[in-house]
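Undergrad: After the structure tokens below, expect a handful of questions from me.
The values are calculated or read from the model by the stated rules, or taken from the named source; none is laboratory data. As the structure is a computational prediction, the values presented were derived from the model and not from experiment. Counting neighbours? That spans all protein chains shown, and the Cβs are built from the backbone with ideal geometry, glycine included.
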Amino acid sequence: MKAVPVALAAAVMLGLTLLASAAPVAAAPARSPAGLLVTAIPPTLPADSAAHEAVVVSLVDGSGAPTLSFSNLTVYLSSSNATVAAAPASVTLLAGQAFVQVPVTTTSAAGSTVFAASSAGLASSSVRIDTVPLAPEATALKLFLGPPSSVVSLTGEDEAYAVQAVGAGGNPAVSQGGTGFVITSSNSSLLPGTLSGTIAPGSDLAYGEFQVEGAGSATLTALAPRLATGSARLSMASVPVAFSVTADPPYLTLFETGTVTVSVTVLGMPFPGLTAFVSASQGTLVPSGQVSLGEGGQATVNFIPSQPGPVTVTASSTSSLLGALSGSATIVVTQQTSSTTGSAPVLAGVDIWLYIPVLAAVIVAAAGYVIVRTTLRRRKPTPEDEYQADSKA
């Protein structure tokens, strides 16, 4: 008889497995900006009394992963040693941009300084930059990316780079007659083709920006005639955009009113300020037409059915940052089933799909119990069973 509890336990476990598989998947955590990241491209500059786009400021979330802001951010900058190099007091990181480059002006004095960046409500960040005299002859190239780990921006370029000519000791070196270079990528799906540029005569640096074709990682390599190559690793993350239309409840009678919620999230964060156009294949939406998704990135409208049958509620929106977005939800409208006028059926407004896993678990448990009982009843008695029966008689 031990087979019965074992079979029942197995059936219960199977039912629990069905329930677990039907449980909703937890949403990805919102990647809200938590701090700044300052990158130097390059960390060593010539002491040449010139301006260089050498500081790159970007955003990270609480775990240090790159992220974006949906509003303009003022970033305040300072230099610990302005006699070596200085930066403007502030710059603006625009909404949807992955980074902002900061011009750094060096002096003729060699030395080092620390550039710090801060913004209200965000953790600050800093980076050290050294300045040295220019070496007389270039022997190699160095490639720097800022930030080396980033996300695809919603507007503007995705990444900044600097190509630097260096001498035998690794310090910045003069490009006597100018140096043309190309940058190749090990991942053509991330950066197809090549980038090209020129280090001007008498300089050691060339800056540029570029867009990527998608998420992924790659090794970028800078090449120029008669110079050793330089490389850097790039990692780019996608920016997931979710535009959803949900109905609550998805089943109505003619005498009920439901709600439809339109929402948009980017990187798991509510995207504010969009306007969506909402329509239904039948019935009435209140309000109808254009609705504002507001600061929370969502709007709720009421739906009043006019006849039985499936109803499609559609929403669409266009944004300069996100482009065209659209989504829809289906509501099933049924006739009134109660004989009492004005009263709703017992299950009206209840999503019966939520009970399917429970019903499945009960059915599996019952079936397992019946199978075990039937098997036991059909089992023929063994000689040991007959002996015990005779002895009792």
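Undergrad: Please pick out the residue among 245, 151 that is surrounded by 16 or more Cβ atoms within 10 Å (Cβ to Cβ), touching a residue at least 60 places away in the same chain (Cβ under 8 Å) and not assigned by TED's automatic domain parsing to the domain that holds residue 99.
TA: Checking each option against the conditions leaves just 245.
Undergrad: Residue 101: in a strand (DSSP E or B), in contact with an Asp or Glu (Cβ under 8 Å, 6 or more places away or on another chain) and farther than 17 Å from residue 220 by Cα, yes or no?
TA: So residue 101 fits the description; yes.
Undergrad: Next question. Give the range 30-60 a look and list any residue that's under 16 Å from the mean Cα position of the chain (by Cα) and crowded, with 20+ Cβ neighbours inside 10 Å, or say none.
TA: 31, 33, 58, 59, 60
Undergrad: Counting only residues that are at pLDDT below 95 and either surrounded by 18 or more Cβ atoms within 10 Å (Cβ to Cβ) or within 30 Å of residue 317 (Cα to Cα) (or both), which one in the range 187-203 is farthest from the chain's Cα centre (by Cα)?
TA: 203
Undergrad: Might you let me know whether the range 140-152 holds any residue that is modelled with pLDDT of 95 or more and either touching a helix residue (DSSP H, G or I) at 6+ places or on another chain (Cβ under 8 Å) or more than 26 Å from residue 58 (Cα to Cα) (or both)?
TA: yes
Undergrad: Let me ask something else. When you look at residue 253, is it farther than 28 Å from residue 323 by Cβ, out of contact with any helix residue (DSSP H, G or I) (no Cβ under 9 Å at 6 or more places or on another chain) and not assigned by TED's automatic domain parsing to the domain that holds residue 321, yes or no?
TA: Taking the combined requirement at face value, the residue does not satisfy it.
Undergrad: Applying the selection to the range 204-224, what residues are in contact (Cβ under 8 Å) with a residue 40 or more places away in the chain and assigned to a loop (DSSP other than H, G, I, E, B)?
TA: 204, 211, 212, 214, 215
Undergrad: Enumerate the strands (runs of 3 or more DSSP E) found wholly within the range 225-337, keeping only those where 3 or more residues are touching a Ser or Thr at 6+ places or on another chain (Cβ under 8 Å).
TA: 227-237, 241-248, 251-253, 258-266, 275-280, 289-292, 298-304, 309-319, 323-334
Undergrad: Collect the residues in the range 285-313 that are of a type in the set (S, T, N, Q) and surrounded by fewer than 16 Cβ atoms within 10 Å (Cβ to Cβ), keeping them in residue-number order.
TA: Those that are of a type in the set (S, T, N, Q) and surrounded by fewer than 16 Cβ atoms within 10 Å (Cβ to Cβ): 288, 290, 292, 300, 302, 306, 307, 312.
Undergrad: If you don't mind, there's one more thing I want to ask. Scan 216, 230 and give me the residue that is in the same structural domain as residue 178 (by TED's automatic domain parsing) and crowded, with 20+ Cβ neighbours inside 10 Å.
TA: Exactly one of 216, 230 is in the same structural domain as residue 178 (by TED's automatic domain parsing) and crowded, with 20+ Cβ neighbours inside 10 Å, namely 230.
Undergrad: Continuing with this model, one more query. For the range 289-329, which residues satisfy the criterion of being of a type in the set (Gly, Ala, Ser) and within 14 Å of residue 245 (Cβ to Cβ)?
TA: 297, 299, 315, 316, 317, 326, 327, 328, 329, listed by residue number.
Undergrad: Find the residue count for the range 111-138, including only residues that are surrounded by 14 or more Cβ atoms within 10 Å (Cβ to Cβ) and assigned to a loop (DSSP other than H, G, I, E, B).
TA: 2
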